[in-house]
1. In the structure shown, do any of Lys113/Lys160; Lys172/Lys202; Lys157/Lys384; Lys303/Lys385 have a Cα-Cα gap over 26 Å, and if so which?
2. Å³ per residue of the Cα convex hull, for the range 35-157?
3. Just one of [x] 35, 25, 19; [y] 57, 26, 14; [z] 46, 24, 19 is semi-axes √(5λ) of the Cα gyration tensor in Å calculated from these coordinates, so which is it?
4. Find which of Pro320, Gly292, Gly339 sits farthest along the positive direction of the dipole of the range 270-366, computed with +1 on the beta-carbon of Lys and Arg, -1 on that of Asp and Glu, about the Cα centre.
5. Which of the peptides 180-190, 313-323 is most tightly packed, and how do the rest follow, judged by the mean count of other Cβ atoms within 10 Å per residue?
6. If packing is taken as the average number of other Cβ atoms within 10 Å across a peptide's residues, how do 133-141, 269-277 rank, most packed first?
7. Run through the range 26-55 and list the GluC sites (Glu not before Pro) located in a DSSP loop whose Cβ has at most 13 other Cβ atoms within 10 Å.
8. Regarding the range 264-399, what is the average projected area of its C-alpha convex hull, in nm²?
Amino acid sequence: MEPLHETIRKTVLRRMDLSRDLSDEEILSMIMEEICTLGKERFFSLQERMEIQRKVFHSLRKLDVLQDLLEDDTISEIMVNGPDCIFVEREGQVYKTEHTFSSGEKLEDVVQKIVAANNKVVNAAHPIVDTKLSDGSRINIVLPPVALDHCILSIRKFPKKHITMDTLVQWKTLSEEVAEFVGNLVRAHYNIVVSGATSSGKTTFLNAMAEFIPGDERVVTIEDSAELQLLGVENLVRLEAREATMEGKLEITIRDLVRTALRMRPDRIIVGECRGKEALEVLQSFGTGHDGSFSTGHANSAKDMISRLETMALMAGEMPLMAIRSQIASGVDIIIHLGRLRDKSRKLLQIMEVEGIRDGEVSLRTIYEYREHMGEEGDGTWVKKDELLHQEKMKRAGL
């Protein structure tokens, strides 16, 4: 026997005049009429009526069972593994929810509604797509036959309240001393790469760092899917890459956008994430007078981030390894590595300075390092290991 809200949904759908756009109020009125009609046969409490109305309305106008999860501010990630298997991340912990779609077809309807709102296409011929919701939440969709069992959705939500560096200090992501040091690095125009694993807080940290950018500077941001929210930067240009479309629109890559950004007279260039050949252009932009630029990348440590940059730049196939290492040594000043501990808390684990080339490899110098207290999960201190070697930019900035 199908759920009551699904019966009402089908009845309302049959009554809807699809030749015109119905307002939300009209839809809600029709739903309540059907609930009242059924209420003559059985008793509904006011709470039950409101719950049924909400479910049916979300199914018709919103994103069905996902809508409640999207409106829950305590949830940071939604993972749909099929119509009856939905997980969420809340405060670093992953839980399976009781929410389910009525069928696989309903899940597919929601997927098509999401991609259609962004003028994208997802089908068996093009089964993988990255897009976003109107509130900025990032979505990855994978359809069969690539996903073997069901449609797969991964939704990364972003906090509605802007997270500042002070907020990160309160959350013990870093200490006040380290936050002040990071602020000085940004003000003094050091080129910074933020590294870390998936969901370690790289984008959030990049947003927080941007609050130290002087308000009179021109900043160009370049992203695959726009996520950065740089408050306080008035002279801001936001660029987003584009995949090739079914309508014949050509692909516009991060590499294309980096080259374009260099012609926009930027003071700083911020590349949301380096993940491929564009690393070469990013390194070159770092070393061509655009000091104070940022980027992020996936890596297990600051040292591993250097290897990742080398590998990604080699993918461009245009320079020998030693030339790339020279570009890294001259372009990247600082690597800030973030991570998640056993208790799922996010921490700044390392701040490392790129010293230069030593014995043919890029040499790193540890400035700050997080040390977890023995036996105390999630509790530790940030230890200053060394002084900054290259202080020319600090001195020029009067810091």
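The values are calculated or read from the model by the stated rules, or taken from the named source; none is laboratory data. The structure presented is a predicted model; accordingly, all values stated were derived computationally and were not measured. Methodologically, a virtual Cβ is constructed for each residue, glycine included, from the backbone with ideal geometry; neighbour enumeration extends over all protein chains shown. Remember, those area values only see protein heavy atoms, side chains included, never the ligands or the DNA or RNA. Shrake-Rupley method; radii C 1.70, N 1.55, O 1.52, S 1.80 Å.
1. On the way: Lys113/Lys160 23 Å; Lys172/Lys202 15 Å; Lys157/Lys384 34 Å; Lys303/Lys385 16 Å.
Distance filter (> 26 Å) returns Lys157/Lys384.
2. Numbers: hull volume 15.4 nm³, N = 123.
It comes to 125 Å³ per residue, whole-number rounded.
3. Given [x] 35, 25, 19; [y] 57, 26, 14; [z] 46, 24, 19, the calculated one carries the label [z].
4. Of the candidates, Gly339 comes out farthest on the positive side.
5. Working: 180-190: 19.8, 313-323: 13.5.
In descending order of packing, they fall as 180-190, 313-323.
6. Details: 133-141: 15.6, 269-277: 22.0.
Highest mean packing first, the order is 269-277, 133-141.
7. Details: sites: Glu26, Glu33, Glu34, Glu41, Glu48, Glu51; in loops: Glu41.
Listed in order of number, the matching sites are Glu41.
8. Details: hull surface 39.0 nm².
For the range 264-399, averaging the hull's shadow over all directions gives 9.7 nm².
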